[in-house]
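The values are calculated or read from the model by the stated rules, or taken from the named source; none is laboratory data. Keep in mind that this is a model prediction, so the values were computed, not measured. Reconstructed Cβ throughout: ideal geometry from the backbone, glycine too, with neighbour counts over all protein chains shown. In case anyone asks, the SASA skips ligands and DNA or RNA and just uses the protein heavy atoms, side chains included. Shrake-Rupley method; radii C 1.70, N 1.55, O 1.52, S 1.80 Å.
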Amino acid sequence: MLLAIDISNTNIKFGLYNSVTMKHHWVVSTARQRTADEYAMVLHDLMCHAGFNFSAIDDIILSSVVPPLTPVFQDLALRYCAKEALVITHDLDLGVGLLVDNPWELGSDRIVTSLAAHQLYGGPAIIIAFSTATTFDVVSESGDFLGGAIAPGLVISAEALSSAASRLYRVDMTPPRAALGKNTIENMQSGIIYGHVGLVQGLIARLRQEIPGMTENSEVKVIAHGGLAQLMAPLIPEIQYVNQYLPLEGLRLAYAKIRNR
């Protein structure tokens, strides 16, 4: 079986695949201070609870945007699974052209989600990750990564607002009953959530216009993933698909491409 690991700033996602089928998945909080032994015990307990153990793992593929944790999971793979983890980098040939100024700056998560979006939904496409940051990745009709945008995420925006203004405080990430707030909590929820809706819709429109070869009637797939995608997608009609497993699916597809060469 294949163990796919996606390490982001907020969460670490694990996906256990039997060929193309995800047999199980888990999500844990990202903790930079944890050691390989600690993560191994967490993963071992999760796998055992689902009826698996480390001996079931035949290969490991890893995407990380948290550099200190990359060697931690490489160590885990070697010592606990006797496998050398395959780490996604910009110089791997996955069939995704990286048409940007500095490909080495690109997070590996954006590479694998671009691969997954094109393979699963086609192109051109705009992929939106609602996580620590809200990122926008644009994929061409042929599957190349064209670039994108990065904005502060919902939680970052809310924390910045409450910490910088002495009379404001943290609020729940739920839409208010109307954009026209009638109290401080609703005012903040409206500004944070509906303000973010406006940001997302505005960037979708701008990015769509800049995709090469687009006409007024051209279709662009819009796919969302990330921890807050379920909250935001119902508020943004432009989003056609929500796939929380997109990074893991991208890792599965990347593994198949590499191993089939």
What does a probe at HIS44 reach in region 54-79, counting residues whose amide N is under 13 Å from the point 7 Å along Cα→Cβ?
-> 54-55, 76-77, 79
Mind checking the angle between helix 246-259 and the chain's longest principal axis? C-alpha axes, 0 to 90 degrees, to the nearest 10.
-> 40
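Report, in debye and to the nearest 20, how large the dipole of region 16-65 comes out about its Cα centre when Lys and Arg carry +1 and Asp and Glu carry -1 on their Cβ. Write out the running numbers ahead of the final one.
Working: 3 positive and 5 negative charges, 33 e Å.
So the magnitude is around 160 debye.
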In square angstrom, rounded to the nearest 10, how much accessible surface does ASP144 have for a 1.4 Å probe?
-> 40
When the helix-only estimate is applied to the chain (DSSP H runs of n ≥ 4, each -39,500 (n - 2.57), divided by the residue count), what is the mean residue ellipticity at 222 nm, nearest 500 deg cm²/dmol?
-> -10500 deg cm²/dmol
With Cα Rg over 2.2 N^0.38 Å defined as stated, name the option among [x] 0.96; [y] 1.07; [z] 1.15 computed from the structure displayed.
-> [y]
Accessible surface of VAL42 - all protein chains present, 1.4 Å probe, nearest 10 Å² = 40
How many nm is it between the label spots at GLU219 and THR174, if each spot is 7 Å from the Cα in line with the beta carbon?
-> 3.6
Relative to the chain, whose Cα atoms define the longest principal axis, helix 154-164 and its Cα axis are tilted in degrees, nearest 10, by 60
What angle, in degrees between 0 and 90 and rounded to the nearest 10, separates the Cα long axis of helix 36-49 from the longest principal axis of the Cα atoms of the chain?
-> 90
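Mean separation of Cα pairs under 8 Å and 6+ residues apart, divided by the residue count of the chain: what relative contact order is that in percent? Walk me through the numbers on the way to the answer.
Numbers: 439 pairs, mean separation 46.1, N = 261.
Taking the mean separation of contacting Cα pairs over the length of the chain, I get 18 percent.
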At most 15 other Cβ within 10 Å, DSSP loop - GluC sites (Glu not before Pro), region 138-235 = GLU216, GLU219
Under 5 Å from the placed amide H of GLY226, counting only residues 5+ away or on other chains, we find PHE130
Keeping the other protein chains in place, figure out the carbon and sulfur percent of the accessible area of region 27-95, with a 1.4 Å probe.
-> 52
Qualifying lysines (Cα of each under 22 Å from Cα of LYS13; at least 8 residues distant if same chain) = LYS23, LYS83, LYS257
Could you calculate the contour length gain from ARG259 to ASN18, that is, 0.36 nm times the residue separation minus the distance between their Cα atoms, to one decimal place in nm?
-> 85.3 nm
Can you grab the distance from the C-alpha centre of region 138-209 to the C-alpha centre of region 216-238, Å, no decimals?
-> 14
Of GLN33, GLN74, GLN230, the most mobile residue in a GNM of the chain (C-alpha springs, cutoff 10 Å) is GLN33
Using Cα pairs under 8 angstrom and six or more residues apart, how large is the relative contact order of region 187-261, in percent?
-> 26
Heavy-atom accessible area per residue, the chain, 1.4 Å probe: how many Å²?
-> 48
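Using a Förster distance of 25 angstrom, determine the FRET efficiency expected from the C-beta separation of LYS83 and GLU105, and round it to 0.05.
On the way: r = 29 Å, r/R0 = 1.15.
The formula returns an efficiency of 0.30 here.
Roughly how many debye, to the nearest 20, is the charge dipole of the chain about its Cα centre, given +1 on each Lys and Arg Cβ, -1 on each Asp and Glu Cβ, and no other charges?
Numbers: 18 positive and 24 negative charges, 113 e Å.
With Lys and Arg at +1 and Asp and Glu at -1, about 540 debye.
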Accessible-area order (highest first, 1.4 angstrom probe) of the listed residues HIS196, HIS44 = HIS44, HIS196
Determine the relative contact order of region 1-121: mean sequence separation of Cα pairs under 8 Å and six or more apart, normalised by residue count, in whole percent.
-> 23
In nm, the gap between the two label points placed 7 Å beyond Cα toward Cβ at GLN201 and ASN9 is 2.7
Karplus-derived 3J(HN,Hα), 6.51/-1.76/1.60, for each residue of region 213-230, Hz, glycine and proline x = x, 6, 10, 4, 9, 5, 9, 10, 6, 10, 10, 10, 8, x, x, 9, 5, 5
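When the accessible area of region 115-220 is computed with all protein chains present and a 1.4 Å probe, what percentage of it is carbon and sulfur?
So the carbon and sulfur contribution to the accessible surface is 51 percent.
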